[in-house]
1. Just to be sure I understand: if you take the accessible area of chain B alone plus chain A alone and subtract the pair, with a 1.4 Å probe, what total do you get in Å², rounded to 100?
2. With a 1.4 Å probe and all protein chains left in place, how much of the accessible area of the protein assembly as shown comes from carbon and sulfur atoms, in whole percent?
3. Going by a 1.4 Å probe on protein heavy atoms, which residues of region B:219-246 end up with at least 10 Å² less accessible surface in the whole assembly than in their chain alone?
4. Quote to one decimal, in nm, the extra length available between residue B:218 and residue B:8 on full extension: 0.36 nm per residue of separation minus the C-alpha distance between them.
5. To one decimal in nm, how far is residue A:380 from the same spot in the other copies, if labels go 7 Å from Cα toward Cβ? Please give the shortest first.
6. What shape does region B:207-249 have by the C-alpha gyration tensor, where a ≥ b ≥ c are the square roots of the eigenvalues, rounded means a/c under 1.5, and otherwise prolate means a/b greater than b/c and oblate the rest?
7. If the label for residue A:185 sits 7 angstrom from Cα along the Cα-to-Cβ line, what are its distances to the same label in every other copy, in nm to one decimal, shortest first?
8. Based on alpha-carbon atoms only, what is the radius of gyration of region A:11-379 relative to the globular estimate 2.2 N^0.38 Å?
Protein chains: 2
Amino acid sequence: MTDFGVYTKPIAELFADAALPAMEDAGIENGDVDAFYFGNVLGGAILNETHLAPQVASHIGLPPGTSVQRYEDACATGSLALKHAVRAVETGEHDVVLVGGAERCTPAGTGIETSEMTRIFGSGAHRQYEQAPGMTTASVFALHTQRHMHEYGTTEEQLAEVAVKNHYHGSMNSRAQFGEEKTVEEVLESPVIASPFRLLDCCPFSDGASAVVVVGESAAESYGVEPVDVAGISHQANASPVADQPNPPSTEMVRRAARDTFDQAGFGPGDVDVTEVHDCFTGAEILALEALGLVEDGRAGPATVQGRTRLTGDIPVNPSGGLKSKGHPIGATGTAQIVELTEQLRGESGERQVEDSTRALAHNVGGMTATAVVTALEART
Amino acid sequence: MTDFGVYTKPIAELFADAALPAMEDAGIENGDVDAFYFGNVLGGAILNETHLAPQVASHIGLPPGTSVQRYEDACATGSLALKHAVRAVETGEHDVVLVGGAERCTPAGTGIETSEMTRIFGSGAHRQYEQAPGMTTASVFALHTQRHMHEYGTTEEQLAEVAVKNHYHGSMNSRAQFGEEKTVEEVLESPVIASPFRLLDCCPFSDGASAVVVVGESAAESYGVEPVDVAGISHQANASPVADQPNPPSTEMVRRAARDTFDQAGFGPGDVDVTEVHDCFTGAEILALEALGLVEDGRAGPATVQGRTRLTGDIPVNPSGGLKSKGHPIGATGTAQIVELTEQLRGESGERQVEDSTRALAHNVGGMTATAVVTALEART
């Protein structure tokens, strides 16, 4: 994956900076790639670029005839491209799939005003029922979080601790867009965006790219790299608009995806050593910890304050810094989580290494919580 | 499929007008749908709508948990969504897949100027190497066609005959956006768009939707409908930008896709009774007839003038009226071809019925000829 931050280079060049190292890491040549699944969300609206998959494929040297496909599912784009790649390999449709995403979400070099970028970023919301009354992603996660505060007494201080923890982790990640440490006071003094979220409860707009190579068992042997196993992956779609989802905070589909993924993997939440969750807002991490079964319902706030989700805690969450500190180039986020967890399982994470990690979990959601994807990875023994 | 034309209704409502009749035709209920593959290209740029798949799924009553996915590959979007649906059923990943597309390409109700719509429509072209110098889809197909004229002596009159034939077919199709007959003189007197193409050589901007239901053999038996077999489907990606493609007119990837599809189907071009090709421009139909092997290289122009591609000819092409007369709501075009051919194979096409049709072929291309998909259908005997 690239550093996340601000780029003005073309999408194809940005993706190459992730894809070529990924192919080198996997020990494969361009001609080995049977299929290329590419995630991008905002290219049409921001850069007037659709049909990016063949163009990006050409740029990174994949030969004509490679089965290329663009995927888009808002912020869960990369994880769903990964799901389709895993299924294609499992069923024998393809042997080697390059999967990843690239996104330019910052206004840099686009000529678009920042305020206009907020409108475009809101395109994952329902046009008639959510965009029209002004519901942004921040609003929706704020509503879910407010309900959680009402139900369980979760506090703004607890939310701030999520940001502080993720910025602390990000301070050890050279790829992080905002890798400075923050204090609870700084978070609580930052301006309100959508109550209870303040500026420092929110992930940034980011540019960046990430890529992984998915291969079957036999190819993994023959390429001789150090792969990790995809132990399980599950996608559950929820209703859209969010008003049609039952029981806010509506994490039912994350719960279903987690159950399904653990069933596939043959292990449970208590066996997970390291987790990356979709902390687009601090409240989203709180909801995710409980929905994934890492802590009991209502206990994610206190668990965070107690340091349990820190690198040194018993359930380390977002060692990369998460979306909050590392950044969130939306189409690239899903596979960036997989990059982080793969490195953790290989023991390559340097000062943010979670010791003795053999089982990992990724959680990625899209739009107004309409798409939930949970992936389990396992080190090969 | 809906009538193609001008709509201002939301994408989800437009798609419902195609999807609900498709599900009724297949004899399935909402709860029977395992996966929903949805094609849309311009929603982000035109309507500020990405992440449409869950929203559209909710609108047509698919329950949460259905595996929904948006696909985008420019004008070949629908055919690639179909390919993935067919593969998912073949491999046993899903039993019943609803697949289709909906698009709003006209400026109606969007507040966007028509000239701006041309820019947005050009988003399938390479931003740096094609968009910047002003290459539109018309320009690219014009270059390919000019080369064909140079190589084989194809004439503007022969191109005009393609338009005349397709408008004649479209005059028998109540769903066609421009179902009026045209004369060769009218075509040749219309204004030049990108030489050799005049206005009446070009397909229109269209709004519309289409849907099909893909099921496995056992489901096809149990639902008791009159299905057709997908005998073969092949996708071949080409280089982008078009300048990187060898040998204009660059139809090599269509030729490869056709060979692969015929191999899967177990029959050849001489066995095909009825064909729908991607006639975004008249020259595109000429190129397609030869690349698919329906006529020898260089003979598509004369074959058209001789009436061989008319309903009553020996190789009927575009009985629906094609993109030229029926319209081209880009994300909906691929599956609309399948709707037409399914009805032809069932003998339900009324006055435009091709008699005794048992084998059908669809040809769909995307972007600057970077994506080629060929599908073979066969009546069940």
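The values are calculated or read from the model by the stated rules, or taken from the named source; none is laboratory data. Keep in mind it's a predicted model, so treat the numbers as computed, not measured. Ideal geometry is used to build each Cβ from the backbone, glycine not excepted, and the neighbour counts take in all protein chains shown. These area figures cover heavy atoms from the full protein model, side chains too; ligands, DNA and RNA do not enter into them. Shrake-Rupley method; radii C 1.70, N 1.55, O 1.52, S 1.80 Å.
1. Working: alone 14580 and 14590 Å², together 24870 Å².
Summed over both sides, the interface buries about 4300 Å².
2. 46
3. At a threshold of 10 Å² (probe 1.4 Å), the residues of region B:219-246 that become less exposed are B:235, B:236, B:237, B:238, B:239, B:240.
4. Full extension from residue B:218 to residue B:8 adds 71.6 nm.
5. 4.3
6. Prolate.
7. Result for residue A:185, in nm, nearest copy first: 8.8.
8. That ratio works out to 0.92.
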